[in-house]
1. Any residue in segment 145-171 that is farther than 22 Å from A60 by Cα sitting within a Cβ distance under 7 Å of a residue that is in a helix (DSSP H, G or I) and among the small types (G, A, S)? List the pairs, counting only those 6 or more apart or interchain.
2. How many residues does segment 119-140 contain that are surrounded by 11 or more Cβ atoms within 10 Å (Cβ to Cβ) and more than 20 Å from F161 (Cα to Cα)?
3. Output the residues belonging to segment 102-118 that are open to solvent by 20 Å² or more (accessible area, probe 1.4 Å) and either out of contact with any strand residue (DSSP E or B) (no Cβ under 8 Å at 6 or more places or on another chain) or under 11 Å from V72 (Cα atoms) (or both).
4. Looking at K19 and the list (1) in contact (Cβ under 8 Å) with a residue 24 or more places away in the chain; (2) surrounded by fewer than 13 Cβ atoms within 10 Å (Cβ to Cβ); (3) under 19 Å from V149 (Cα atoms), which single condition is not satisfied?
5. Yes or no: segment 78-101 includes at least one residue that is more than 20 Å from A16 (Cβ to Cβ) and touching a His at 6+ places or on another chain (Cβ under 9 Å).
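The values are calculated or read from the model by the stated rules, or taken from the named source; none is laboratory data. Predicted model only: the values in this text are computed from it and were never measured. When we count neighbours, we look across all protein chains shown, and the Cβ atoms used for this are built from the backbone with ideal geometry, even at glycine. For accessibility, only protein heavy atoms count, side chains too; no ligands or nucleic acids. Shrake-Rupley method; radii C 1.70, N 1.55, O 1.52, S 1.80 Å.
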Amino acid sequence: MTTFETLGIPANILAALQKMNFNTPTPIQEQAIPAALNGHDILGSAQTGTGKTAAFAIPAVNHLINHPESSVLILLPTRELAAQVLEAAKKISDNIENIGAALLIGGDSMIKQLQKLKRNPRLLVGTPGRINDHLKRHSLTLKNTDFLVLDETDRMLDMGFGIQLDEIVKYL
């Protein structure tokens, strides 16, 4: 039986997973995590509730630990999903210093987001529209972003975010 320990996850992330009562990886986690930890691109598809968020958040947090100058950008189609993903990622990075996180979504206070960005968070979670707003204002830079997650990509494209995703990619 596969465990999170056998997937090569560092001890500080394992401690957070134990605190979250994550004991055994789901099939999507078992397949995606080792590949992502080895730097491979992942295209995953699984039903809701199968642990897709942890499948990309664990390698993302691991990347931030191993690359102190890097940042991670996670894009989602809705602010509700973005908030859920940020909360999950924060739990995984709970006892890890120097990461910092920012939720960048429309409908949320721009002033609050600007204050968060001044602290140089390395874990950026948001929606394409608001990420582009910050990029155009020069309040966000992606020069150190070398880990990108497009979650619910099919939905983002169905919602017409293709052009905005193309704009964001120009900054990477």
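1. Q164/G129
2. Total meeting the criteria: 5.
3. G106, G107, D108, S109, M110, I111, K112, L114, Q115, K118
4. (3)
5. The answer is no, given that none of the residues of segment 78-101 is more than 20 Å from A16 (Cβ to Cβ) and touching a His at 6+ places or on another chain (Cβ under 9 Å).
Table: residues versus (1) touching a Lys or Arg at 6+ places or on another chain (Cβ under 8 Å); (2) exposed (fewer than 15 other Cβ atoms within 10 Å of the Cβ); (3) more than 18 Å from D151 (Cβ to Cβ); (4) free of Cβ contacts under 8 Å to residues at least 24 places away in the same chain.
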residue	(1), (2), (3), (4)
A35	no, yes, no, yes
G51	no, no, no, no
I58	no, no, no, no
H63	no, no, no, no
H67	no, yes, yes, no
S71	yes, no, no, no
K91	yes, no, no, no
